[in-house]
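Peer 1: Here you go, one structure.
The values are calculated or read from the model by the stated rules, or taken from the named source; none is laboratory data. Keep in mind that this is a model prediction, so the values were computed, not measured. As a convention, Cβ positions derive from the backbone with ideal geometry for all residues, glycine included, and neighbour counts pool all protein chains shown. Remember, those area values only see protein heavy atoms, side chains included, never the ligands or the DNA or RNA. Shrake-Rupley method; radii C 1.70, N 1.55, O 1.52, S 1.80 Å.
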Amino acid sequence: MLKIRESAQEILNLYNYFDGAIIFDKNGIAVYYHNKRPKINDLREEDVVGRHLSEIYPLLDLEKSTIMEALTKGTPTANMMQTVTTFKGQRIRQINTTIPIFEEGNIIGAAEVSRYVTGQGSFPNIYVTPMDVGNHKLYTVEDIKSVWPGMEQIKKIIAKVADTDSSVLIYGKTGTGKEMVAEAIHTGGKRKQKRFIAQNCGAIPENLLESILFGTVRGSFTGAENRTGLMEAADGGTLFLDEINTMGLALQAKLLKAIEDGVITRVGDVEPIPVNVRIIAASNQEPLELVEAGSMRSDLYYRLKVVQINLPTLKEREGDLPYLTDYFIRKYNKALGKQILGLSREAEMFFQSYDWPGNVRELKNTIEGCFNFVTGTLIRMEDISWYDEANENGGVEKPVLKGTLKETVKAYEKRLIEEALSRSDNLSQATDLLGITRQNLNNKIREYGLTLAGPVITE
């Protein structure tokens, strides 16, 4: 059981975002369940854990079940649209990715992560029009809020390139708004009535990413079906590839060829399929440095950077910190029915002195978090959940010798990782804050029993 949960935790850590996650043992019995959106899916942990797959979804055809495919054949499935009916009679549309769990070559379980679909669409982050799918509306250039003159120049560039078909490469640190810019380019151009598809390349295992991008044909590998890839699905629209720097070099070559030729070939097929798709890529590391380090192909780099947009950090955007602080306070006042007037003097001084490594996203998340604790009309230091009044050195706890040197270092390291995870939406953001690799962070998460999304999986 412990091996199932450890392996499943590794799988869950690969995904930046999911609405629900369920883990089964080799007999099809649920051993873990987490649901982030109970208003859409009312199943709770106590409803699911300990039940067989067929009990949870009594109308499910087990012969066609992706969970059973994973448990019996070891077949992974990515981004499959499914409609299931729970034993409570609730019908749920969701996009599932299912991964088998192995130990010494034997299947010991399967994990499935889901995104619930409340509108049209058949892939994660697909929007047929700017108003489509769930409660998300694609951003326009007018949604980019700033009083810094340099941002106005960036908005002018967005407006100029929006109506062209040129590839765009966006570079910016975590939380600077790369996906917002990509959406603004799409909604400002002639492709705005077509699909916008966003895929974080770092959120998908390398062996699945090619199938997700280009699609598959039945029989190309065990359990493969005829399935449309994201480039084909985005035909006529825009495909946004975030964290392009995490894509393997071999797949980069295939992506380059697809962009150059305007055709793709599904995995296992020989027939070319013409596609008309605009590619917008993003990297949280300086692209030219990636080329020099050998982690990005130079020919792909020069093909993508027909237009390159460099996004500044929040600290570089003079005047934007107080402006955006006020903007987010007004936003959450409206959303949550509160009357917060601003920051206390102490909190304002802290906001001004803090480096904001997570940039605008971290500022937004911090203010949202404060709204959970604030009791008066001003946000105070005690309302910032991740700040300790006793902290020194820029808000990071000063290490105090407790036990042996090794024990002290490990305790302090755990504290830093916990802080980074609490201030991050995904593993990539956390690795940026800590300055370590994803593999190193995953190892530390397992070592200390930590998690990014949902409860810690323990024995």
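Peer 1: Quick check on segment 21-28. Is at least one of its residues touching a residue at least 12 places away in the same chain (Cβ under 8 Å), basic (Lys, Arg) and farther than 14 Å from Ala110 by Cβ? Spell out the reasoning first.
Peer 2: At the first step, the residues of segment 21-28 found to be touching a residue at least 12 places away in the same chain (Cβ under 8 Å) are 21-28.
Among the residues that remain, those that are also basic (Lys, Arg) are: 26.
Now drop any that are not farther than 14 Å from Ala110 by Cβ, which leaves none.
No: segment 21-28 contains no residue that is touching a residue at least 12 places away in the same chain (Cβ under 8 Å), basic (Lys, Arg) and farther than 14 Å from Ala110 by Cβ.
Peer 1: Testing Thr98 on (1) touching a residue at least 40 places away in the same chain (Cβ under 8 Å); (2) within 27 Å of Ala233 (Cα to Cα); (3) in contact with a helix residue (DSSP H, G or I) (Cβ under 6 Å, 6 or more places away or on another chain); (4) in a strand (DSSP E or B), one condition comes back false. Which one is that?
Peer 2: (1)
Peer 1: Then there is this: Looking only at helices (runs of 4 or more DSSP H) that lie completely in segment 228-332, which have at least 3 residues being of a type in the set (Asp, Glu) and open to solvent by 40 Å² or more (accessible area, probe 1.4 Å)?
Peer 2: none
Peer 1: Arg115 passes all but one of (1) outside any helix (DSSP H, G or I); (2) open to solvent by less than 40 Å² (accessible area, probe 1.4 Å); which number fails?
Peer 2: So the condition that Arg115 fails would be (2).
Peer 1: Looking only at segment 70-94, which residues are more than 21 Å from Gly109 (Cβ to Cβ) and out of contact with any helix residue (DSSP H, G or I) (no Cβ under 9 Å at 6 or more places or on another chain)?
Peer 2: Result: Met81, Thr83, Thr85, Gly89, Gln90, Arg91, Ile92, Arg93.
Peer 1: So Thr228 clears everything in (1) under 20 Å from Gln82 (Cα atoms); (2) more than 22 Å from the chain's Cα centre (by Cα) except one condition, right? Which one?
Peer 2: That leaves (2) as the condition not met.
Peer 1: Further question on the same structure: Within segment 292-309, track down each residue that is among the β-branched types (Val, Ile, Thr) and either within 12 Å of Gln252 (Cα to Cα) or within 22 Å of the chain's Cα centre (by Cα) (or both).
Peer 2: Hit for segment 292-309 is Ile309, nothing else.
Peer 1: Here are some residues: Thr164, Thr176. Which one is hydroxyl-bearing (Ser, Thr, Tyr), open to solvent by less than 30 Å² (accessible area, probe 1.4 Å), out of contact with any His (no Cβ under 6 Å at 6 or more places or on another chain) and in a loop (DSSP other than H, G, I, E, B)?
Peer 2: Thr176 is the lone residue from the list that is hydroxyl-bearing (Ser, Thr, Tyr), open to solvent by less than 30 Å² (accessible area, probe 1.4 Å), out of contact with any His (no Cβ under 6 Å at 6 or more places or on another chain) and in a loop (DSSP other than H, G, I, E, B).
Peer 1: Ok, one more. Return a yes/no flag: does segment 201-216 have any residue that is open to solvent by 30 Å² or more (accessible area, probe 1.4 Å) and polar (S, T, N, Q).
Peer 2: Within segment 201-216, one or more residues are open to solvent by 30 Å² or more (accessible area, probe 1.4 Å) and polar (S, T, N, Q).
Peer 1: Sticking with this structure for a sec: Could you check segment 59-78 and list, in sequence order, the residues that are in contact (Cβ under 8 Å) with a residue 60 or more places away in the chain, open to solvent by less than 30 Å² (accessible area, probe 1.4 Å), on the phi < 0 side of the Ramachandran plot and in a loop (DSSP other than H, G, I, E, B)?
Peer 2: Thr75
Peer 1: Which of the residues that make up segment 43-56 are within 16 Å of Val113 (Cα to Cα) and open to solvent by 20 Å² or more (accessible area, probe 1.4 Å)? Walk me through it before giving the result.
Peer 2: Taking segment 43-56 first, the residues within 16 Å of Val113 (Cα to Cα) are 43-45, 48-49, 53, 56.
Passing the criteria: Arg44, Glu45, Val49.
Peer 1: With segment 395-459 as the region, which helices (runs of 4 or more DSSP H) entirely inside it contain at least 2 residues that are open to solvent by less than 20 Å² (accessible area, probe 1.4 Å) and modelled with pLDDT under 75? Steps first, please.
Peer 2: Numbers: elements: 405-422, 427-434, 438-448.
Qualifying helices (runs of 4 or more DSSP H): 427-434.
Peer 1: Working only within segment 79-95, note down all residues that are open to solvent by 30 Å² or more (accessible area, probe 1.4 Å) and in a loop (DSSP other than H, G, I, E, B).
Peer 2: Matches in segment 79-95: Phe87, Lys88, Gly89, Gln90.
Peer 1: Something else about it: Which of the residues that make up segment 356-365 are of a type in the set (S, T, N, Q) and either at pLDDT 90 or above or touching a Lys or Arg at 6+ places or on another chain (Cβ under 6 Å) (or both)?
Peer 2: Across segment 356-365, the qualifying residue is only Asn359.
Peer 1: Out of the residues in segment 277-291 that are of a type outside the set (A, V, I, L, M) and within 17 Å of the chain's Cα centre (by Cα), which is modelled with the highest pLDDT?
Peer 2: Among those residues, the one meeting the criterion is Ser283.
Peer 1: Of everything in segment 142-179, what is among the polar types (S, T, N, Q) and under 12 Å from Gln308 (Cβ atoms)? Give them in sequence order.
Peer 2: Initially, segment 142-179 is screened for residues among the polar types (S, T, N, Q), giving 146, 153, 164, 166-167, 174, 176.
Residues satisfying the conditions are Ser166, Ser167.
Peer 1: Write out, first by first residue and then by second, each pair whose Cβ atoms fall under 7 Å of each other, whose residues are 6+ apart or on separate chains, and whose first residue, in segment 355-380, is of a type in the set (Val, Ile, Thr) while the second is open to solvent by less than 60 Å² (accessible area, probe 1.4 Å) and part of a loop (DSSP other than H, G, I, E, B).
Peer 2: Val360/Gly175; Val360/Thr176; Val360/Gly177; Thr366/Ile384; Val374/Ile340; Thr377/Ile340; Ile379/Ile340; Ile379/Ser344
Peer 1: From the list Ser122, Ser65, pick out the single residue that is modelled with pLDDT under 85 and out of contact with any Ser or Thr (no Cβ under 7 Å at 6 or more places or on another chain).
Peer 2: Ser122
Peer 1: Kindly list the number of the only condition in (1) modelled with pLDDT of 90 or more; (2) part of a helix (DSSP H, G or I) that fails for Ile23.
Peer 2: (2)
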